[in-house]
């Protein structure tokens, strides 16, 4: 019983620490790709069946931030003949989680007694940035960030987007050739 209590306390602490930190990120890269050989980039067009024919404020900010990071790495924007094409996917979902807390009765049996259960609604955001070798039409790098989105982050979405994109590109393999 005591070890399960310790495990529960540890799990709660880990979850709370995870909520206070940066989003969970995951980066994949093609080990065969020569990132030093690429010099230029552009974005995929967002047209097609079922796609909106207009840009969004948040989508534009993600694109702008991605463009700034690639230019910081030495890449040049070139719509006509890019070495790399960038695809951005942003998904925000409403989620729900159930939380159960034990009663506050004293003694060793309080964990088996009645529990309080509450439903918590939150928003989960996922941002994926794919970098594709335009000549081979093959993905060479992918950065994904996922986390809960707080009201503060929604109110300051521009700053939040810039920080997440910066974090993803911090692991980008190398700068473009000069």
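We did not get these values from a lab; they are worked out from the coordinates using the rules stated. All values derive from a computational prediction rather than experimental measurement. Here the Cβ positions follow ideal geometry from the backbone for every residue, glycine too, while neighbour counts run over all protein chains shown.
Tabulated values for the structure
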quantity	calculated
Theoretical gain in end-to-end length, residue 146 to residue 166 [0.36 nm per residue, Cα-Cα removed]	5.8 nm
Inter-probe distance in nm under a simple model that places probes 7 Å from Cα toward Cβ, at residue 24 and residue 137	3.3 nm
Residue 119 paired with residue 87, simple spin-label distance in nm, labels 7 Å along Cα-to-beta-carbon	3.6 nm
Segment residue 37-residue 174, extension gain: residue separation times 0.36 nm, minus the distance between their alpha carbons	48.3 nm
Theoretical FRET efficiency, 1/(1+(r/R0)^6), r = Cβ-Cβ of residue 79 and residue 56, R0 22 Å, to 0.05	0.60
Additional length obtainable on full extension of the chain from residue 71 to residue 94, 0.36 nm per residue less Cα span	4.9 nm
